């Protein structure tokens, strides 16, 4: 009885300890670790490098997605329209927006994975819960392209809620676009547009005729 | 020439007349969209195929040398613009880049200055005007050249006017160089444009917003003051539907 109890307590401490350890990876270290891991996988995988988009998306799903907060990205991109969306609409919006972002991310990775990265030291206080992690993509003969990850501390670790590439925020950029579509065809219209877009991209990446 | 202005004026007027819920930053949207479609058609028919061919024929290594050569010419006025913005150290660095790259770097084809720790900057007259506090004015899509604004378009005219390549003679050398420069530039942007194609629901809006955000960031050298979320690209009142 006491033995089991002790074991239980010990086990729960161990579990807490593990969860805690994962949670405390600082945001800049997390970005660096994930980026290098993914770049390394791409470098070693012949199929991905020869254009296997489905496999690359699989890698992103497994390694990158857990660190993104798509619900908050979607709500920020929707702005005021988020508040009037029904729970069902919200679910569909998050799903279809995530699919679009992952596909775009995969193409960006495929195009730029051979560049060098410069991970900037984090400028934030240890108590901050909302930080910007800066990475720069170094290209020969050109000004480096800054990539800024806006990250928020959550109970399950640091999560990315916006990405700025060269000073352009993805979330802010989609906000006008989404608002325009919602104004003309409503939230359901936007969901339909996103889904159609995703289907087109899927069909195109399935057809090997589209060479990179 | 006068007829062109007349045409522009008419288009501008028609632009103002329509679109009750236009974005305040883009009052000329109908005209801009027409030019955007024109540029797109031109790019699809000529720009992209030529750029792809260029990329297929020339090895990456050679293309980098070519980019470096033009980039070195650009550094002269990047320096001037930094000085005009009061960033004297950056300006001096730009000219030091030109000095090293033009000599040790063999007319600029090797970017030795970057290896020495003199980083490339990114300035132009449009950014200088912005730095001086001049607002962007309405968004404009320029024929062949793409996204701009009244301020940046004016800046661009100055950029072209001041470009060191104008000093090259004879024109038998200069003109082909301009062509190579433009093709090289388009080739550099191939990856970016195919990404845009993928990411956007409405490419016109996506590109416009990306351009306006990017210029704002450039004017503040990569760290613009944070805007409240509502202020960034917020369109007129939302329709609840």
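Can you go through B:155, B:117, B:135, B:126 and tell me which one is in contact (Cβ under 8 Å) with a residue 60 or more places away in the chain and more than 12 Å from chain A (Cβ to nearest Cβ)? Just a single option satisfies the conditions, and that option is B:126.
Taken as a whole, the range B:157-169 holds at least one residue that is under 18 Å from residue B:219 (Cβ atoms), at pLDDT 90 or above and surrounded by 16 or more Cβ atoms within 10 Å (Cβ to Cβ).
Going by the structure shown, is residue B:234 under 23 Å from residue A:98 (Cα atoms), at pLDDT below 75 and in contact with a helix residue (DSSP H, G or I) (Cβ under 9 Å, 6 or more places away or on another chain)? Spelling it out, residue B:234 is indeed under 23 Å from residue A:98 (Cα atoms), at pLDDT below 75 and in contact with a helix residue (DSSP H, G or I) (Cβ under 9 Å, 6 or more places away or on another chain).
Mind checking whether some residue in the range A:70-80 is touching a residue at least 60 places away in the same chain (Cβ under 8 Å), in a helix (DSSP H, G or I), away from chain B (no Cβ under 13 Å) and touching a helix residue (DSSP H, G or I) at 6+ places or on another chain (Cβ under 7 Å)? Looking through the range A:70-80, none of the residues is touching a residue at least 60 places away in the same chain (Cβ under 8 Å), in a helix (DSSP H, G or I), away from chain B (no Cβ under 13 Å) and touching a helix residue (DSSP H, G or I) at 6+ places or on another chain (Cβ under 7 Å). Is it the case that the range A:132-151 has a residue that's away from chain B (no Cβ under 11 Å), free of Cβ contacts under 8 Å to residues at least 40 places away in the same chain and surrounded by fewer than 19 Cβ atoms within 10 Å (Cβ to Cβ)? Within the range A:132-151 (the criterion being away from chain B (no Cβ under 11 Å), free of Cβ contacts under 8 Å to residues at least 40 places away in the same chain and surrounded by fewer than 19 Cβ atoms within 10 Å (Cβ to Cβ)), the answer is yes, since at least one residue qualifies. Across the range B:190-204, the number of residues qualifying as at the interface with another protein chain (Cβ under 9 Å from one of its Cβ atoms) and over 17 Å from the mean Cα position of the chain (by Cα) comes to 7.
Taking the conditions (1) within 13 Å of chain A (Cβ to nearest Cβ); (2) part of a helix (DSSP H, G or I); (3) under 26 Å from residue B:130 (Cβ atoms); (4) at pLDDT below 90 in turn, residue B:210 satisfies each one other than (4).
For the range A:164-186, taking the residues that are at pLDDT below 90 and at positive phi, the one that is farthest from the other protein chains (Cβ to nearest Cβ) is identified as A:166.
Yes/no per residue for (1) exposed (fewer than 15 other Cβ atoms within 10 Å of the Cβ); (2) more than 22 Å from the chain's Cα centre (by Cα); (3) at pLDDT 85 or above:
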position: A:2; (1), (2), (3): yes, yes, no
position: A:8; (1), (2), (3): yes, yes, no
position: A:11; (1), (2), (3): yes, yes, no
position: A:62; (1), (2), (3): yes, no, yes
position: A:70; (1), (2), (3): no, no, yes
position: A:102; (1), (2), (3): no, no, yes
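The values are calculated or read from the model by the stated rules, or taken from the named source; none is laboratory data. Small disclaimer: the values here were computed from a predicted structure and weren't measured. FYI the Cβ positions are ideal-geometry reconstructions off the backbone, even for glycines, and counts take in every protein chain you see.
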